[in-house]
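Below is one structure, written out as structure tokens; the observations come after it.
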Amino acid sequence: MIIYNKVILREKRPDDAWDDYAWETDPELSRLDAAPVLSIPYPQYLEDYTNEIYSYFKSGERFAIDTLDGRHIGNCSYYNFDEFRGNTELGIMIGDRDYWSSGYGTEAVTALVNYIFNQTKLKRIYLKTLDWNSRAKKCFTKCGFRQYGEVSRDGYNFLLMEIHRDRWEKQKSGKRETL
């Protein structure tokens, strides 16, 4: 469990399934995630979900995002963990609209970045976000990520962003970077 100012990152549990199902069947959230809207019935989803959360996730870690009072508002993870290259990919979704544009995404990303750099020897964390998702770009920039490229995939245009350990360390120590 990772506790930060406004959020708790914790292991996924079977009782998260209903929220996750609701978010994955929501057309707007699917669009923000560049994913198709889920169309399987809930009982099938629940069976697959339960099997998945108990399976070994060898390329990273998955977390639920809770408020400090225990409300499940989203999910985050790191994956494509590559110790040899020294990097991993980060993903986040705040599914509960009541918590949009209130700093919860920034808190969760900051908490996860701190966790990754404190628990590993990785030198870089990267992500992709839809080029038109201004809320996500603002969040990632606030957390120290910088754009390093663009890519088009499956009809979507993404910005590629990254943060390096040295930038994170400077940020953490309060040193200002010269641009």
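Find the residue count for the range 76-101, including only residues that are out of contact with any strand residue (DSSP E or B) (no Cβ under 9 Å at 6 or more places or on another chain) and not acidic (D, E). Spell out the reasoning first.
Step one: list which residues in the range 76-101 are out of contact with any strand residue (DSSP E or B) (no Cβ under 9 Å at 6 or more places or on another chain), which gives 83-84, 97, 101.
Now restrict to residues that are not acidic (D, E): 84, 97, 101.
So the answer is 3.
The residue pairs whose first member lies in the range 92-105 and is among the charged types (D, E, K, R), whose second member is modelled with pLDDT of 95 or more, and whose beta carbons are closer than 6 Å, counting only pairs six or more residues apart or on different chains, are D96/I73.
For the range 79-92, does any single residue satisfy the condition of being surrounded by fewer than 19 Cβ atoms within 10 Å (Cβ to Cβ), under 14 Å from the mean Cα position of the chain (by Cα), closer than 22 Å to W168 by Cβ and among the basic types (K, R)? Among the residues of the range 79-92, not one is surrounded by fewer than 19 Cβ atoms within 10 Å (Cβ to Cβ), under 14 Å from the mean Cα position of the chain (by Cα), closer than 22 Å to W168 by Cβ and among the basic types (K, R), which makes the answer no. A single entry from D33, D19, D48 fulfils the requirement of being in contact with a strand residue (DSSP E or B) (Cβ under 7 Å, 6 or more places away or on another chain) and either within 14 Å of I92 (Cβ to Cβ) or surrounded by fewer than 17 Cβ atoms within 10 Å (Cβ to Cβ) (or both): D33.
Using the structure shown, decide if S30 is polar (S, T, N, Q), more than 18 Å from R13 (Cβ to Cβ), under 17 Å from the mean Cα position of the chain (by Cα) and part of a helix (DSSP H, G or I). First the steps, then the outcome.
Working: polar (S, T, N, Q): yes; more than 18 Å from R13 (Cβ to Cβ): yes; under 17 Å from the mean Cα position of the chain (by Cα): yes; part of a helix (DSSP H, G or I): yes.
Against the criterion (polar (S, T, N, Q), more than 18 Å from R13 (Cβ to Cβ), under 17 Å from the mean Cα position of the chain (by Cα) and part of a helix (DSSP H, G or I)), S30 qualifies.
The set of residues from the range 150-165 being free of Cβ contacts under 8 Å to residues at least 24 places away in the same chain and either part of a helix (DSSP H, G or I) or on the phi > 0 side of the Ramachandran plot (or both) comprises just one member, G155.
Tell me which residues, restricted to the range 55-78, are of a type outside the set (D, E, K, R) and over 17 Å from F140 (Cα atoms).
So the first thing to find is which residues in the range 55-78 are of a type outside the set (D, E, K, R), and the list is 55-57, 59-60, 63-65, 67-68, 70, 72-78.
Passing the criteria: S55, Y56, F57, S59, G60, F63, A64, T67, L68, G70, H72, I73.
The set of residues in the range 7-18 being among the charged types (D, E, K, R) and at pLDDT 95 or above consists of R10 alone. Exactly one residue among T110, T129 is of a type in the set (S, T, Y), part of a helix (DSSP H, G or I) and at negative phi, and that residue is T110.
Restricting F117, F140, F84, F145 to residues that are hydrophobic (A, V, I, L, M, F, W, C) and under 19 Å from A35 (Cβ atoms) narrows the list to F140.
The values are calculated or read from the model by the stated rules, or taken from the named source; none is laboratory data. This one's a predicted model, so the numbers in the text were calculated from it and none came from an experiment. So basically every Cβ, Gly included, is an ideal-geometry build from the backbone, and we count neighbours across all protein chains shown.
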